[in-house]
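Here is the structure we will look at.
What follows is calculated from the coordinates using simple rules that are stated; it is not laboratory data. Nothing here was measured: the structure is a model prediction, and the numbers come from that model. With ideal geometry, Cβ positions are generated from the backbone for all residues, glycine too; neighbour counts draw on all protein chains shown.
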Amino acid sequence: SSVKDQEFHTKKLKSYVINGIIGKYYGLPEWFDTKGKLKEEYKKKLTSTTAKPKPQISITKKGIHSRPKAIWAPFVLNTIKEHNTLLQWKELTNIAMKKFKVDYNKANASVLSSLNDQEYHTKKLVSYVINGITGKYYGLPEWFDKKGELKEEYKKKLTSTTAKPKPKPKPQIAVIKKGIHSRPKPIWAPFVLNTIKEHNTLLQRKDLANIAVTKLKIDYNKARESVSSSLKEQEYHTKKLKSYVIDGITGKYYGLPEWFDNKGRLKEEYAKQIK
């Protein structure tokens, strides 16, 4: 059973985060007090084995700055504060590319990782979804009321900068332009879902992106971006997909909800296919 499964489903493990150190530590539930704080005896053991991180400087390699992971959390948080409005990951990625002189892939991966960490773990950010607009917006917790609703002043700022959703487009046919198919966005949700069904096994984002490149004749970056957006939408909003993590393997696997049992664990027949 994976660490994620034992933390969120079977509750046999609890996680603990130390400021300045990347990644979570895992221990038994009884090592934490009733308020969820790590008991002093275990905290001492941990701090005695963790060296303080050394300050890092950016080093230029092949024209791209290699920057320490620790910069991304404050960069994301401070950028949202400076703009004083909710921002999407793609806006933060574009700002990061200009500020740090890094390529899209590096900026995108780092921003997404930091947003995920600050929304689900440190709780320094809260996400907000607008119907008809792909992707989440992120803002500070104090911008939301006690019921979790976005306060009116921030809602106005947001709606003034977001165009109203366009009416549903008429069915489009792929048009070849410079060897690349221009295809309507609505194809991505059924493409991702049907591809997983056809293969009858869990697939990763990179698997789906590679299949899209071959099948739809588009470039890899476009395929990966579209697949990633569709996977998020179908996991968190429409709930048509569930994700699964294997220890030691980077990236999530995605499958149909009926491939998991009522405790959220992957059924044995599907677990065997990806081991």
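Of all aspartates and glutamates in the structure, the ones whose alpha carbon falls short of 12 Å from that of LYS263, not counting any fewer than 8 places away in one chain, are ASP5. Scaling against 2.2 N^0.38 Å puts the C-alpha radius of gyration of segment 175-274 at 1.12. Among TRP72, TRP259, a tally of other beta-carbon atoms within 10 Å of each Cβ gives an order, fewest to most, of TRP259, TRP72.
Take the Cα of GLU258, step 7 Å toward its Cβ, do the same at VAL3, and the gap between the two points is 3.4 nm. The H on the amide N of PHE260, modeled in the peptide plane, is under 5 Å from the matching H of LYS267, each at least 5 residues off or on a different chain. Here LYS37 is the anchor, and the aspartates and glutamates within straight C-alpha reach of less than 18 Å, apart from those fewer than 8 places off in the same chain, are GLU7. The modelled label-to-label distance for the pair LYS39/THR159, using points 7 Å beyond Cα in the direction of Cβ, is 5.3 nm.
When the listed pairs LYS24/LYS45; LYS11/LYS136; LYS136/LYS272 are checked against a 24 Å cut-off, the alpha-carbon distance exceeds it for LYS11/LYS136; LYS136/LYS272. In summary, segment 209-267 shows an alpha-carbon radius of gyration equal to 1.27 times the 2.2 N^0.38 Å reference for compact globular proteins. In this structure, the residue pairs whose Cα-Cα separation is over 26 Å, taken from LYS4/LYS39; LYS81/LYS155; LYS106/LYS240; LYS123/LYS147; LYS124/LYS155; LYS12/LYS39, are LYS106/LYS240.
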